[in-house]
């Protein structure tokens, strides 16, 4: 017994498992890898939540956001208005377009740059806002999963509670047909 005990304590003694430790030299521990990946994801979500956190918006920010929403609808409605004006009063429209034809080419380039930068900056701002909303949604995922698990537990409790009266009534209510069937099965 002493030799076997010494051999077992050599391999598995003092809370160590030499076989597992040796195997982990050649193959990564899957459970530890999953734990590391989960920690990494949680840290990334936490970083996103702090980076893209929703800040309190003041009156000025709300006014500027409202002003930033005006140019695109104004451009679209203005273009439709030009088509309507061309059909309603072609002479008036032609006179206005003669004025536009006199605009020098560098001014058209400048207008193109301003509009491009405006819409490009707006696109970038909205893209960052979208990333913020995704980060906050992902940060709420663990709480949502916990709520779903709680709801599933409550649903299971209701299902077992709903089955109880039927089971109780089957045991306590005499059923002549069932009793006769049971007697026939025993015979």
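Just a few scattered comments:
- Test result for residue 178, at pLDDT 80 or above, surrounded by 10 or more Cβ atoms within 10 Å (Cβ to Cβ) and touching a helix residue (DSSP H, G or I) at 6+ places or on another chain (Cβ under 9 Å): yes
Here's the yes/no breakdown for (1) loosely packed, with under 10 Cβ neighbours inside 10 Å; (2) modelled with pLDDT of 80 or more; (3) part of a loop (DSSP other than H, G, I, E, B); (4) out of contact with any strand residue (DSSP E or B) (no Cβ under 8 Å at 6 or more places or on another chain):
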residue: 24; (1), (2), (3), (4): no, no, no, yes
residue: 36; (1), (2), (3), (4): no, yes, no, yes
residue: 45; (1), (2), (3), (4): no, yes, no, yes
residue: 66; (1), (2), (3), (4): yes, yes, no, yes
residue: 72; (1), (2), (3), (4): no, yes, no, yes
residue: 81; (1), (2), (3), (4): no, yes, no, yes
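- Taking each residue of the stretch 45-65 that is farther than 17 Å from residue 129 by Cβ and looking for partners that are surrounded by 11 or more Cβ atoms within 10 Å (Cβ to Cβ) and at pLDDT 80 or above with beta-carbon atoms closer than 6 Å, six or more apart or interchain, yields 45/139.
- Residue 60 being modelled with pLDDT of 85 or more and loosely packed, with under 11 Cβ neighbours inside 10 Å: yes
The values are calculated or read from the model by the stated rules, or taken from the named source; none is laboratory data. Fair warning: this is a prediction, and the values are worked out from it, not measured in the lab. Note: ideal-geometry Cβ built from the backbone for every residue, glycine included; neighbour counts use all protein chains shown.
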